[in-house]
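Report on the following structure.
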Amino acid sequence: MRSAASSLLLGLVLLSAVTAAVYENLALRGRATQSSIYLDHSNGYLGLGMNAIDGNTDPNYYHGSCFHSNNDVGPWWRVDLLDSYYISNIIITNRGDCCPERLNGAKIVVGNSLVNNGKNNPSCGQITKLAAGASQNFQCHGMVGRYVIVYLPGKQNLHFSEIQIMGY
């Protein structure tokens, strides 16, 4: 027969295992789009939006797993999660082989609206400075949304290696 303490401990272990299993990287099931697609004419690499949700955090653009826009006014990247989910946190990994400062000032928003390309949705966070190849974790505290958008004001390139959207 188990003691009350061991039963409680077993219950907590089972509860934490269930809770951990509920959260998943929702980005892997999504569909990405972007304001524009950068094509490196010297070697033919494309900065496709889907590269940022392929599960590969390799920060080297030339290894084929980074998203990259053209030099746009207000460049954006968006994932459609195909349904609304509770978002606990978002982890974004910067490109590592070039120009890490290009992600500085990027805003991350979550919501169900596509008005203004989704930029009007509530904010989960803003990147102030993220080193080359580094990752940053933004707590969204259960925000609900179908779309996650990363965008920059002004005319510039937007690029990053990977985004993980943890939720249920």
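Residues that are surrounded by 15 or more Cβ atoms within 10 Å (Cβ to Cβ) and assigned to a loop (DSSP other than H, G, I, E, B) within the range 135-168 comprise Leu152, Asn157, Leu158, Ser161, listed in sequence order. Inside the range 57-80, residues that are in contact (Cβ under 8 Å) with a residue 60 or more places away in the chain, of a type in the set (Ser, Thr, Tyr) and surrounded by fewer than 22 Cβ atoms within 10 Å (Cβ to Cβ) make up a count of 2.
Taking the criterion of being of a type in the set (A, V, I, L, M) and within 22 Å of Tyr147 (Cβ to Cβ), the residues of the range 43-64 that qualify are Leu48, Met50, Ala52, Ile53.
Condition (residue is touching a residue at least 40 places away in the same chain (Cβ under 8 Å) and over 21 Å from Lys155 (Cα atoms)) applied to the range 104-119: is it met by at least one residue?
For the range 104-119, residues touching a residue at least 40 places away in the same chain (Cβ under 8 Å) and over 21 Å from Lys155 (Cα atoms): absent.
Of the residues in the range 114-125, at least one is small (Gly, Ala, Ser) and open to solvent by 40 Å² or more (accessible area, probe 1.4 Å). Scanning the range 94-103 for residues that are out of contact with any helix residue (DSSP H, G or I) (no Cβ under 7 Å at 6 or more places or on another chain), open to solvent by less than 50 Å² (accessible area, probe 1.4 Å) and either without any contact (Cβ under 8 Å) to a residue 40 or more places away in the chain or within 23 Å of Asp80 (Cβ to Cβ) (or both) returns Pro100, Leu103. With respect to being under 15 Å from Ile163 (Cα atoms), in contact with a strand residue (DSSP E or B) (Cβ under 9 Å, 6 or more places away or on another chain), of a type outside the set (Lys, Arg) and at pLDDT below 95, Gly30 falls outside the description. Scanning the range 34-56 for residues that are among the hydroxyl-bearing types (Ser, Thr, Tyr) and buried (at least 17 other Cβ atoms within 10 Å of the Cβ) returns Ser35, Tyr38, Tyr45.
The values are calculated or read from the model by the stated rules, or taken from the named source; none is laboratory data. Everything numeric here is computed off the predicted structure, so don't read it as measured data. Note that each Cβ is placed from the backbone with ideal geometry, even for glycine, and that neighbours are counted across all protein chains shown. The area values use the complete protein model at the heavy-atom level, side chains included, leaving out ligands, DNA and RNA. Shrake-Rupley method; radii C 1.70, N 1.55, O 1.52, S 1.80 Å.
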